[in-house]
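Everything on this sheet refers to the single structure shown next.
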């Protein structure tokens, strides 16, 4: 009787043991350990769990957008992968994209709108790296919301670069037209 060797399961190697930049495929093979991971230019970025205030703003903004979202578009909240390239996978706090562009697993392109709610641990990352990567990927609209102020700043892509189109604080309304018409009052997002 001959012994047949069972096919060995592929071994998982933690990302810190890999040499060189990580890819989307390697990120997808990582076990779900409950942390939020993003990939920027092949570097793995882990962000801590958001605060209750952060989540209130995400939920309130998502509900506002969803109630007026045209049927051909979809509003999604993190965690949900946006694959900009094989070495850049982000999870915006809120995003809007065409329904037809989603796969079951991710959004394989830049969304129409990406929104980040700032927190002390992600503020610089959201205002620099995410901003520049989404701009380079052609994401038409990028917003950040500061729940502490409260304030919303919105940029739209103009000739390949982001131009600020709105800034509202407290009870002021930011009236935006992309990806659809909406009026956002930052103070209302913190309730």
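The values are calculated or read from the model by the stated rules, or taken from the named source; none is laboratory data. Since we're looking at a predicted model, the values are computed, not measured. Heads up, the Cβs are rebuilt from the backbone with ideal geometry, glycines too, and the neighbour counts pull from every protein chain shown.
What do you reckon, is residue 89 touching a residue at least 24 places away in the same chain (Cβ under 8 Å), in a strand (DSSP E or B) and more than 17 Å from residue 58 (Cβ to Cβ)?
yes
Just the residues that are at pLDDT 80 or above, closer than 26 Å to residue 124 by Cα and in a helix (DSSP H, G or I), please, taken from the range 1-25.
Correct list: 24 only.
Counting only residues that are part of a helix (DSSP H, G or I) and exposed (fewer than 13 other Cβ atoms within 10 Å of the Cβ), how many does the range 53-73 have?
So the answer is 3.
When you go through 163, 174 one by one, which is the residue that is touching a helix residue (DSSP H, G or I) at 6+ places or on another chain (Cβ under 9 Å) and over 19 Å from residue 37 (Cβ atoms)?
The match here is 174.
Would you confirm whether any residue within the range 32-52 is assigned to a helix (DSSP H, G or I), surrounded by 16 or more Cβ atoms within 10 Å (Cβ to Cβ) and touching a residue at least 60 places away in the same chain (Cβ under 8 Å)?
Looking for residues that are assigned to a helix (DSSP H, G or I), surrounded by 16 or more Cβ atoms within 10 Å (Cβ to Cβ) and touching a residue at least 60 places away in the same chain (Cβ under 8 Å), one finds none in the range 32-52, hence no.
Filter the range 145-191 down to the residues that are in contact (Cβ under 8 Å) with a residue 12 or more places away in the chain, surrounded by fewer than 16 Cβ atoms within 10 Å (Cβ to Cβ) and in contact with a strand residue (DSSP E or B) (Cβ under 6 Å, 6 or more places away or on another chain) and list them by number.
149, 167, 169, 173, 178
Going by the conditions given, is residue 83 at negative phi, in a strand (DSSP E or B) and under 12 Å from the mean Cα position of the chain (by Cα)?
yes
Going through the range 99-132 one residue at a time, which ones are surrounded by fewer than 17 Cβ atoms within 10 Å (Cβ to Cβ) and assigned to a strand (DSSP E or B)?
106
Given the residues 76, 96, which is the only one that is in contact with a strand residue (DSSP E or B) (Cβ under 6 Å, 6 or more places away or on another chain), surrounded by fewer than 21 Cβ atoms within 10 Å (Cβ to Cβ), in a strand (DSSP E or B) and touching a residue at least 12 places away in the same chain (Cβ under 8 Å)?
76
Run down 118, 129, 107 and say which single residue is touching a residue at least 12 places away in the same chain (Cβ under 8 Å) and closer than 12 Å to residue 80 by Cα.
Checking each option against the conditions leaves just 107.
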